[in-house]
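S.K.: Pasting a structure here, questions to come.
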Amino acid sequence: MMQAMHQCPILMHCRISPLRDARMTTATFGPQVSQPLYELTPGTLAQLGQRFGIDYRVRNASAGASVATGSVRDVALPQAMHLTLSDLCVNCAYSSASRQTVPWFISVVLEGHITARLGDQRLELKAGDGMCVHFTAEQPLTVFQPAQARLHTVNLAVLATTNLDLPSTPPTPGLYPWRLSDAFTQMLRHTTAEPLADWRQPLIWQGLALQLLGEGLPQCARQDPAQAQPIIPARDEARLAALHTRLASHPEHAYCLSDLAREVAMSPSSLRQKFRARYGCSIFEHLRQCRLAKAYQALQRGMSVQQAAHTCGYRHATNFATAFRRRFGIAPHDVISQRAPR
């Protein structure tokens with residue numbers, strides 16, 4: 001198996017939290033948690049899919065059947081990256097497709113095999129293979145995971161490109177295969193076996209995540225000329241940069257696309273197109289990420305969930321909690337419980 005939460009199309013990307021009908025140990029993800037075990041059923045997958053925007057299809061399985069068992073561990077990294085380590089026994093073949101947009105997503109297979117589809121592209125991945133994908137809700141990444149004794153993967157979701165100064169995503173979704181070196185594959189296998197409870201592990205994984213990006217992101221030369229980014233005039237570049245900074249600095253304010261377009265002297269459609277071409281996400285995806293990042297910091301500083309919701313621009317704590325869980329894989333209350341006692 002392979003969400004991210006709300007950005008990833010396959011189970012291991014999901015920031016999974018205990019569900020009422022899921023037969024799994026109750027645990028809060030974080031560096032202090034080491035290898036929680038799960039037994040996943042079609043009912044569990046249906047709930048996860050509804051929560052995180054993923055369509056799951058399980059083949060030939062009854063409602064209470066065990067789809068997979070094993071370990072799924074999440075590491076929330078700085079700079080809008082989320083890492084998921086998955087080591088599972090897949091008992092029933094299934095497929096998954098995301099209904100979200102992700103600027104860049106990297107998946108590496110350490111053991112087992114999967115099949116990925118994006119539009120007309122189809123890719124078979126086995127041990128030592130990786131893929132880098134840009135997908136959208138309109139053109140989702142679909143992954144088929146056959147029954148197998150062991151499926152061991154590392155998955156990295158990049159939720160915003162500007163924090164790392166990464167290249168902007170292409171104007172159309174794309175699936176880019178690559179092959180890991182034997183040395184890097186062995187390093188990943190060794191590191192995934194280490195407990196996340198060790199305070200060093202998140203730091204080590206931050207470095208490995210950057211290495212995954214360095215090796216897995218496609219070269220500009222590999223893009224078709226027809227897919228080249230549109231040229232943005234210098235005047236519009238400056239206006240887009242000012243707008244990007246303004247949203248990041250004051251995400252709690254209410255914004256309207258038509259008003260923003262008027263302020264930067266563009267049509268709404270031109271603003272949408274140029275903003276996505278420049279930053280790899282839509283205006284309101286960027287705004288949501290900024291709001292939730294501000295809320296996370298507010299919770300760490302000691303604010304209540306209600307206070308953090310209002311601080312970052314959410315009028316209702318329930319909507320805020322749902323968006324927060326989708327973004328970070330944990331509930332706002334989990335951040336409060338992880339705060340060091342004073």
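The values are calculated or read from the model by the stated rules, or taken from the named source; none is laboratory data. All values reported here derive from a predicted model rather than from experimental measurement. Heads up, the Cβs are rebuilt from the backbone with ideal geometry, glycines too, and the neighbour counts pull from every protein chain shown.
S.K.: If the requirement is being basic (Lys, Arg) and within 17 Å of the chain's Cα centre (by Cα), which of these qualifies: 117, 122, 73?
M.R.: 73
S.K.: For segment 256-300, how many residues meet the condition of being touching a Ser or Thr at 6+ places or on another chain (Cβ under 8 Å) and farther than 28 Å from residue 330 by Cα?
M.R.: Total satisfying the criteria: 6.
S.K.: Can you name the condition, by its number, that residue 62 falls short on among (1) at pLDDT below 85; (2) under 21 Å from residue 151 (Cβ atoms)?
M.R.: All conditions are met except number (2).
S.K.: Determine whether residue 324 is modelled with pLDDT under 85 and either over 25 Å from residue 83 (Cβ atoms) or out of contact with any Ser or Thr (no Cβ under 7 Å at 6 or more places or on another chain) (or both).
M.R.: No: the conditions fail for residue 324.
S.K.: Is it the case, given these coordinates, that residue 304 is within 28 Å of residue 72 (Cβ to Cβ), among the hydroxyl-bearing types (Ser, Thr, Tyr) and over 17 Å from the mean Cα position of the chain (by Cα)?
M.R.: No, not satisfied.
S.K.: Give me the pairs, please: first residue somewhere in segment 309-332 and at negative phi, second residue anywhere and modelled with pLDDT of 85 or more and of a type in the set (S, T, N, Q), beta-carbon distance under 6 Å, and either six or more positions apart or on two chains.
M.R.: Sorted first by the residue in segment 309-332, then by its partner, the pairs are 317/306.
S.K.: Right, next: Criterion first (closer than 30 Å to residue 284 by Cα, at pLDDT 80 or above, more than 21 Å from the chain's Cα centre (by Cα) and not aromatic (Phe, Trp, Tyr)) does residue 55 satisfy it?
M.R.: No: the conditions fail for residue 55.
S.K.: Quick one: which of 167, 173 is surrounded by 12 or more Cβ atoms within 10 Å (Cβ to Cβ), assigned by TED's automatic domain parsing to the domain that holds residue 112 and modelled with pLDDT of 75 or more?
M.R.: Exactly one residue qualifies, and that residue is 173.
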